[in-house]
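Visitor: So that we are looking at the same thing, I have put the structure below in structure tokens.
The values are calculated or read from the model by the stated rules, or taken from the named source; none is laboratory data. Quantities reported herein were computed from a predicted structural model and do not represent experimental measurements. Here the Cβ is made from the backbone with ideal geometry for all residues, glycine too, and neighbour counts use every protein chain on show. For the accessible areas, the whole protein counts, side chains as well, though only heavy atoms, and no ligand, DNA or RNA atoms are used. Shrake-Rupley method; radii C 1.70, N 1.55, O 1.52, S 1.80 Å.
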Amino acid sequence: MTSSSDRSPAVDVSSPKTYEVRTYGCQMNVHDSERLSGLLEEAGYVPAPEGSDGDADVVVFNTCAVRENADNRLYGNLGRLAPRKASRPGMQIAVGGCLAQKDRDTIVKKAPWVDVVFGTHNIGKLPVLLERARVQEEAQVEIAESLEAFPSTLPTRRESAYAAWVSISVGCNNTCTFCIVPALRGKEKDRRTGDILAEIEALVGEGVSEITLLGQNVNAYGSDIGDREAFGKLLRACGTIEGLERVRFTSPHPRDFTDDVIAAMAETPNVMPQLHMPLQSGSDTVLKAMRRSYRQDRYLGIIEKVRAAMPDAAISTDIIVGFPGETEEDFEQTMHVVRQARFTNAFTFQYSKRPGTPAATMDGQIPKEVVQSRYERLVALQEEISWDENKKQVGRTLELMVAEGEGRKDGATHRLSGRAPDNRLVHFTKPDQEVRPGDVVTVEITYAAPHHLLAEGAVLDVRRTRAGDAWGKRNAQEAAKPAGVMLGLPQIGVPAPLPVATGGCAAH
């Protein structure tokens, strides 16, 4: 369909409409939802009160196509909203993201009460499509086949005052047989380095002190111009930005992980000693069937080089168990790599078919009970290793960036939570003086669990920061207006309990 205008429609400011964004899937989707929220607020909408649960004037589903039962989950949620929409004149429902890109007209056929369907390449059109659906009183389905504008050019409602995502590329040029993302996100497209650095500098100017460089295959950055060292150069450039204390990135691909990136990490003080490096399988046979362009020796060689350059680096990974054709010997090769690599934590997924992927029609689909048994064995091994590796942190003095919403029991235990430079989660005793998210504290680690550390003694030092000031300023502003539905700060490499799921779209 064509649009009479690409400008965001204005909403009557005398009676602002509310919105809610529900996000599923990977970090790319969470970041896209920050853009969607920014677009809606620029158009005059306001966040729905916390706990509204579908009572907003506009409910947006930002979907994922690679999670297990993603379509069933979407249609179930849409079904629950149908009677609410019928009893609430003017309410609108929009569906975007990867599942929308894949299913297109199917969504409106299955859920005719949906007003707008948009894809991964045209999220900037959401306000226009909502207005057009309202005026024309019919569903608007608009799916772009290629990126219309780099998402970072869109307004954003960032969910953290002290930490931010910064997209450096979109899309993926890989052809992994278990993944549908390239078909939905398109070929890789890189941003100009100058634009990336300008965005980071602007964020730091607003008080952000930690950024995470984000890409479907983040360390392939530079493929557009044929510069294999572009990512390492970008990391070093981040090191020159005054006030930027922590730099992270996700997710890299072993194929593109070059020695200059390791050197840039080790030699750039604000690039954190943390690496999330998807393995997927330790078997060369399975890796070949997955079309993963590296083998076990190459992968372990990268880990060895990273540890030589940064002995204290925390390394995490993604692993798929039960890929078609995986034998017991193949699985034991994965267990071998886990023992050798000694990951801080691993996000382990049970393989399940994804329609539209080559793996879905491969011979040798593994029975569910076999996959479950292997999964449990792998989780048990990784739990043991995670705990052993965390025990090595006991007695160390660490600087933590205080986090918001990371400790579910903080209120009951009179603790606060923060992230160490290597991204380990640490719960620490609440000091007498005020400590805000974004501030930095120094603590001594006294206890280790598989997925977190404790600092039970008194805090050794508190450093108030511009990031903490920014958090305080935002909190004051939020308190002056109706509370919004927060998307939640995405947590990269967070050592949480290992989920039973399938490979996510950032797990390349």
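Visitor: Go through (1) farther than 28 Å from residue 176 by Cβ; (2) in a helix (DSSP H, G or I); (3) in contact with an Asp or Glu (Cβ under 9 Å, 6 or more places away or on another chain) for residue 237 and report which single condition fails.
Guide: Result: residue 237 passes all but (3).
Visitor: Okay, moving on. Tell me, yes or no, whether the stretch 71-79 has at least one residue that is under 19 Å from the mean Cα position of the chain (by Cα) and modelled with pLDDT of 85 or more.
Guide: no
Visitor: List every residue pair whose Cβ atoms lie under 9 Å apart, where the two residues are 6 or more positions apart in sequence or sit on different chains, the first residue falls within the stretch 345-368 and is among the acidic types (Asp, Glu), and the second residue, located anywhere, is open to solvent by less than 20 Å² (accessible area, probe 1.4 Å).
Guide: Listed pairs, sorted by first residue: 363/324.
Visitor: Just give me the residues in the stretch 193-230 being over 13 Å from residue 164 (Cβ atoms), assigned to a helix (DSSP H, G or I) and over 19 Å from the mean Cα position of the chain (by Cα), in sequence order.
Guide: Quick first cut of the stretch 193-230, residues over 13 Å from residue 164 (Cβ atoms) only: 193-195, 197-198, 215-230.
Then drop every residue that is not assigned to a helix (DSSP H, G or I), which leaves 193-195, 197-198, 218-220, 230.
The answer is 193, 194, 195, 197, 198, 230.
Visitor: Name the residue, out of 394, 371, 379, that is surrounded by fewer than 15 Cβ atoms within 10 Å (Cβ to Cβ) and touching a residue at least 24 places away in the same chain (Cβ under 8 Å). First the steps, then the outcome.
Guide: Details: 371 fails: surrounded by fewer than 15 Cβ atoms within 10 Å (Cβ to Cβ); 379 fails: surrounded by fewer than 15 Cβ atoms within 10 Å (Cβ to Cβ).
The unique qualifying residue is 394.
Visitor: Out of (1) over 23 Å from residue 346 (Cβ atoms); (2) of a type in the set (A, V, I, L, M); (3) at pLDDT below 95, what's the single condition that is false for residue 501?
Guide: (1)
Visitor: Scan the stretch 257-274 and tell me whether some residue there is more than 18 Å from the chain's Cα centre (by Cα), of a type outside the set (Ser, Thr, Tyr) and within 30 Å of residue 360 (Cβ to Cβ).
Guide: Of the stretch 257-274, the ones more than 18 Å from the chain's Cα centre (by Cα) are 257-271, 273.
Of the ones still in play, those that are also of a type outside the set (Ser, Thr, Tyr) are 257, 259-267, 269-271, 273.
Add one more test, that the residue is within 30 Å of residue 360 (Cβ to Cβ), and what stays is 257.
Yes; the residues of the stretch 257-274 include at least one that is more than 18 Å from the chain's Cα centre (by Cα), of a type outside the set (Ser, Thr, Tyr) and within 30 Å of residue 360 (Cβ to Cβ).
Visitor: Right, here's the next one. Assuming residue 423 fulfils every condition listed in (1) under 24 Å from the mean Cα position of the chain (by Cα); (2) closer than 18 Å to residue 461 by Cα apart from one, which condition is it?
Guide: Among (1) under 24 Å from the mean Cα position of the chain (by Cα); (2) closer than 18 Å to residue 461 by Cα, the lone unmet condition for residue 423 is (2).
Visitor: Also: If I filter the stretch 205-216 for residues that are over 24 Å from residue 29 (Cα atoms) and surrounded by fewer than 20 Cβ atoms within 10 Å (Cβ to Cβ), do I get at least one hit?
Guide: yes
Visitor: For the stretch 270-325, enumerate the residues that are part of a helix (DSSP H, G or I) and either under 30 Å from residue 243 (Cα atoms) or of a type in the set (A, V, I, L, M) (or both). Give the derivation first.
Guide: Pass one, the stretch 270-325, residues part of a helix (DSSP H, G or I): 284-290, 296-309.
Of everything in the stretch 270-325, those that are part of a helix (DSSP H, G or I) and either under 30 Å from residue 243 (Cα atoms) or of a type in the set (A, V, I, L, M) (or both) turn out to be 286, 287, 289, 290, 300, 302, 303, 305, 306, 307, 308, 309.
Visitor: In the stretch 351-368, what count of residues is obtained for those that are farther than 23 Å from residue 64 by Cβ and open to solvent by 50 Å² or more (accessible area, probe 1.4 Å)?
Guide: To start, the set of residues in the stretch 351-368 that are farther than 23 Å from residue 64 by Cβ comprises 363-364, 366-367.
With the extra rule that they be open to solvent by 50 Å² or more (accessible area, probe 1.4 Å), the set shrinks to 363, 367.
Residues that pass the stated criteria total 2.
Visitor: Considering only residues that are of a type in the set (A, V, I, L, M) and either assigned to a strand (DSSP E or B) or over 17 Å from residue 25 (Cβ atoms) (or both), which ones fall in the stretch 115-125? Show your work before the answer.
Guide: So the first thing to find is which residues in the stretch 115-125 are of a type in the set (A, V, I, L, M), and the list is 116-117, 123.
Those that are of a type in the set (A, V, I, L, M) and either assigned to a strand (DSSP E or B) or over 17 Å from residue 25 (Cβ atoms) (or both): 116, 117.
Visitor: Follow-up question, since we're still on this one. Take the residues in the stretch 161-192 that are open to solvent by 20 Å² or more (accessible area, probe 1.4 Å) and assigned to a strand (DSSP E or B), then tell me which one is modelled with the highest pLDDT.
Guide: 190
Visitor: Continuing with the same structure: If I go through the stretch 441-458 residue by residue, how many of them are open to solvent by less than 30 Å² (accessible area, probe 1.4 Å) and without any contact (Cβ under 8 Å) to a residue 60 or more places away in the chain?
Guide: So the count comes out to 6.
Visitor: Would you pick out the residues in the stretch 421-460 that are hydrophobic (A, V, I, L, M, F, W, C) and either assigned to a loop (DSSP other than H, G, I, E, B) or farther than 30 Å from residue 379 by Cβ (or both)?
Guide: Within the stretch 421-460, 435, 440, 441, 445, 449, 458, 459, 460 meet the criteria.
Visitor: Can you name the number of the only condition in (1) closer than 18 Å to residue 382 by Cα; (2) part of a helix (DSSP H, G or I); (3) open to solvent by less than 10 Å² (accessible area, probe 1.4 Å) that residue 343 fails?
Guide: Here residue 343 clears every test but (2).
Visitor: May I pose another question? Please specify each residue of the stretch 319-336 satisfying the condition of being surrounded by fewer than 20 Cβ atoms within 10 Å (Cβ to Cβ) and either of a type in the set (A, V, I, L, M) or under 23 Å from the mean Cα position of the chain (by Cα) (or both).
Guide: Within the stretch 319-336, just 335 meets the criteria.
Visitor: Condition test on residue 152, is it more than 30 Å from residue 423 (Cβ to Cβ), surrounded by fewer than 22 Cβ atoms within 10 Å (Cβ to Cβ) and modelled with pLDDT under 90? Show your work before the answer.
Guide: Values: more than 30 Å from residue 423 (Cβ to Cβ): no; surrounded by fewer than 22 Cβ atoms within 10 Å (Cβ to Cβ): yes; modelled with pLDDT under 90: yes.
No.
Visitor: Which number in (1) aliphatic (A, V, I, L, M); (2) over 25 Å from residue 135 (Cβ atoms); (3) modelled with pLDDT of 80 or more marks the one condition that residue 100 misses?
Guide: The single condition residue 100 does not satisfy is (2).
Visitor: Here is a further query. Determine the pairs where a residue that is more than 30 Å from residue 421 (Cβ to Cβ), located within the stretch 286-310, has a partner that is among the small types (Gly, Ala, Ser) and buried (at least 19 other Cβ atoms within 10 Å of the Cβ) with Cβ atoms under 7 Å apart, the partner being 6 or more residues away or on another chain.
Guide: Matching pairs, first to second residue: 287/281; 290/281.
Visitor: Still on this structure, I have one more. Within the stretch 82-114, can you find the residues that are touching a residue at least 40 places away in the same chain (Cβ under 8 Å), small (Gly, Ala, Ser) and assigned to a helix (DSSP H, G or I)?
Guide: Once the filter is applied, which keeps residues that are touching a residue at least 40 places away in the same chain (Cβ under 8 Å), small (Gly, Ala, Ser) and assigned to a helix (DSSP H, G or I), the stretch 82-114 yields only 100.
Visitor: If we scan the stretch 157-171, do we find a residue that is farther than 30 Å from residue 471 by Cα and in contact (Cβ under 8 Å) with a residue 40 or more places away in the chain?
Guide: Let us first name the residues in the stretch 157-171 that are farther than 30 Å from residue 471 by Cα, namely 171.
Now narrow it down to the ones that are in contact (Cβ under 8 Å) with a residue 40 or more places away in the chain: 171.
Yes: the stretch 157-171 contains one or more residues that are farther than 30 Å from residue 471 by Cα and in contact (Cβ under 8 Å) with a residue 40 or more places away in the chain.
Visitor: Return the pair list, or none, for Cβ contacts closer than 7 Å from residues in the stretch 202-225 that are more than 23 Å from residue 276 (Cα to Cα) to residues that are of a type outside the set (D, E, K, R) and in a loop (DSSP other than H, G, I, E, B), at least 6 apart or on different chains.
Guide: 204/241; 204/243; 204/244; 207/161; 207/162
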